[in-house]
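Right, one structure below, let's go through it.
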Amino acid sequence: MACVNKLAILSRTLSSAAQQTVKPPVQVFGLEGRYATALYSAASKLSQLDQVEKDLTALQATIRSDKKLREYVTSPIINKKVMATALKEASTKLNFAPATANLLGLLADNGRLKKLDTVINAYKTIMAAHRGEVVCEVVTAKPLDAAQSKQLEGALKSFLKGNESLKITSRVDPSIIGGLIVSIGDKYVDMSIASKVKLYTDVIQSAA
């Protein structure tokens with residue numbers, strides 16, 4: 001309960017404007033969703049939406065590429081208040097937006113820095129919807145060639161409405177064997193060979 005209260009404080013304290021919460025264009029769930037939603041509301045009031053996204057994207061890339069920094073940020077043995085102060089000071093040196101700095105301090109205070117990556121992804125999802133983008137992830141066993149990518153993009157555009165635009169990210173996962181897995185908006189379609197093999201295996205085992 002204390003964590004939820006602090007999330008509400010994030011939105012209130014970052015802005016001297018009206019206390020009305022700014023609702024995001026898309027709902028994101030879980031703890032990371034609550035942090036991202038509070039951040040969106042605060043950043044919107046301060047006109048820092050794009051700057052916050054830029055800050056978080058740069059921070060995410062740095063943490064993913066720097067193992068020592070990643071371990072330091074997510075360490076459970078470092079004093080939370082010390083970490084919060086260090087992050088706020090670093091944010092000032094890096095010219096991060098106040099909303100970004102306050103998010104990092106809040107995560108540190110609550111011992112939730114290990115959630116930072118998923119909070120950033122949730123914020124990116126909200127910002128994509130803010131721009132009218134429909135985020136789609138395509139997972140294949142091997143990279144698609146140009147013709148296949150174009151054909152798939154054409155099929156996926158049929159899911160769009162009005163002035164929405166499609167933003168596709170591709171990921172290769174050999175474990176799916178073949179076929180593809182598509183996540184677009186709130187839809188999830190698993191057309192992988194691995195899922196079919198599992199289905200047939202389950203049917204065989206249940207009949208044995």
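Tabulated results
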read-out: Region 53-66 - phi-based ³J(HN,Hα) in whole Hz, Karplus 6.51/-1.76/1.60, Gly and Pro as x; value: 4, 5, 4, 5, 5, 5, 5, 4, 5, 5, 5, 5, 8, 10
read-out: Computed [θ] at 222 nm, deg cm²/dmol, the chain (DSSP H ≥ 4; -39,500 (n - 2.57); rounded to nearest 500); value: -18000 deg cm²/dmol
read-out: Dipole magnitude (debye, nearest 20) for region 107-208, charges at Cβ of Lys, Arg, Asp, Glu; value: 120
read-out: Taking Glu71, Glu153, Glu53 and counting other C-beta atoms within 10 Å, the order from fewest to most; value: Glu71, Glu153, Glu53
read-out: Dimensions (Å) - the chain, Cα atoms, principal axes, largest first; value: 58, 44, 34
read-out: Mean separation of Cα contacts under 8 Å (6+ apart) over length of region 160-208, as relative contact order %; value: 25
read-out: Candidates Gly111, Gly30, Gly154: whichever shows maximal mean-square fluctuation once the chain is modelled as a Gaussian network with Cα springs under 10 Å; value: Gly154
read-out: Estimated dipole of the chain in Debye, rounded to 20 [Cβ of Lys and Arg +1, of Asp and Glu -1, Cα centre]; value: 480
read-out: Per-residue Cβ neighbour rank within 10 angstrom, fewest leading, Thr140, Thr100, Thr118, Thr201; value: Thr201, Thr118, Thr140, Thr100
read-out: Separation of alpha-carbon centers, region 48-88 and region 122-181, rounded to whole Å; value: 28
read-out: Contact order normalised by residue count of region 103-204, Cα under 8 Å, 6+ apart, percent; value: 28
read-out: Most positive-pole-ward Cα, Met127, Ser195, Gln51, against dipole of the chain from beta carbon charges; value: Gln51
read-out: Ranked Met127, Met191, Met83, criterion: other C-beta atoms within 10 Å, fewest first; value: Met191, Met83, Met127
read-out: Relative contact order of region 2-129, pairs being alpha-carbon contacts under 8 Å that are 6 or more residues apart, as %; value: 36
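Read the figures in this text as sums done on the coordinates, not as results from a lab. All figures in this text were calculated on a predicted structure; none of them were measured in a lab. A quick note on method: Cβ atoms are made from the backbone with ideal geometry, for glycine too, and the neighbour counts reach across all protein chains shown.
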